[in-house]
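Read the structure below first, then the notes.
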Amino acid sequence: MNGLFLVDPVMGHAAAASVAVLFLLAALSKLRDIELFHAVLDNYQLLPSALVPVAARVLPTLELAAGVLLLPLVSRPSGAVLALGLLVLVSGAVAVNLRRGRSRIVCGCGDDALPLSAGLLWRNSVVGMVIVVASQSHNLRPTVWLDLLSTLMATLFLLGLYQAANLWLSHQSRFIDLRNAP
């Protein structure tokens, strides 16, 4: 995934930092209550029962690894590949269950109990684009202290957008009810 286009270091670092935070928080949330995540994973009905406990431990461990690998420049391409692979995997699980008509189950993507929806897939595809930006080669211009501040602000902005999307997704059914109200 490395080298499709050059990215300003501020954008690359902000993209990597924001995705790393998302993956680290999601992993820690799952590991904090592994029994709950086990139940959520089992509710997807995609794995044989014998594999669910293993997957309930492996998935958050891989998310943790992806988050950690995204932070240093040297391991960022590996972290981006792992993060994108995990995102495709979980988005596929969401898509299969939506296709089955099972939209009333929670996604299990962290502390937010979001119902499965097409909006969740759109959110994940935007996160995937951010991962691609994080994986790209950086313009080799020298960075200064203002770049660090800009990286911090851009990271907070991206995380705020993610939270806004989650808030919208959590209230999506209410929005539809309001739209259809007389």
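Per-residue answers, yes or no, for (1) exposed (fewer than 15 other Cβ atoms within 10 Å of the Cβ); (2) more than 20 Å from residue 92 (Cβ to Cβ); (3) modelled with pLDDT of 90 or more:
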site: 115; (1), (2), (3): no, no, no
site: 137; (1), (2), (3): yes, yes, no
site: 140; (1), (2), (3): yes, yes, no
site: 149; (1), (2), (3): yes, yes, yes
site: 174; (1), (2), (3): yes, yes, no
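Out of 146, 156, which single residue is in a helix (DSSP H, G or I) and within 19 Å of the chain's Cα centre (by Cα)?
Numbers: 146 fails: within 19 Å of the chain's Cα centre (by Cα).
Selected residue: 156, the only one of 146, 156 that is in a helix (DSSP H, G or I) and within 19 Å of the chain's Cα centre (by Cα).
Evaluate the stretch 15-35: report whether one residue or more is touching a strand residue (DSSP E or B) at 6+ places or on another chain (Cβ under 9 Å), part of a helix (DSSP H, G or I) and crowded, with 19+ Cβ neighbours inside 10 Å.
yes
Picking from residues in the stretch 52-75 that are without any contact (Cβ under 8 Å) to a residue 12 or more places away in the chain and more than 19 Å from residue 11 (Cα to Cα), the one that is farthest from the chain's Cα centre (by Cα) is 54.
Taking the listed residues 106, 94, 88, the one that is β-branched (Val, Ile, Thr) and crowded, with 17+ Cβ neighbours inside 10 Å is 94, with no other qualifying. Residue 5 satisfies every condition listed in (1) of a type in the set (Phe, Trp, Tyr); (2) surrounded by 15 or more Cβ atoms within 10 Å (Cβ to Cβ); (3) at pLDDT below 95 except (2).
The values are calculated or read from the model by the stated rules, or taken from the named source; none is laboratory data. Remember, it's a predicted structure, so these values are computed and weren't measured experimentally. Here the Cβ is made from the backbone with ideal geometry for all residues, glycine too, and neighbour counts use every protein chain on show.
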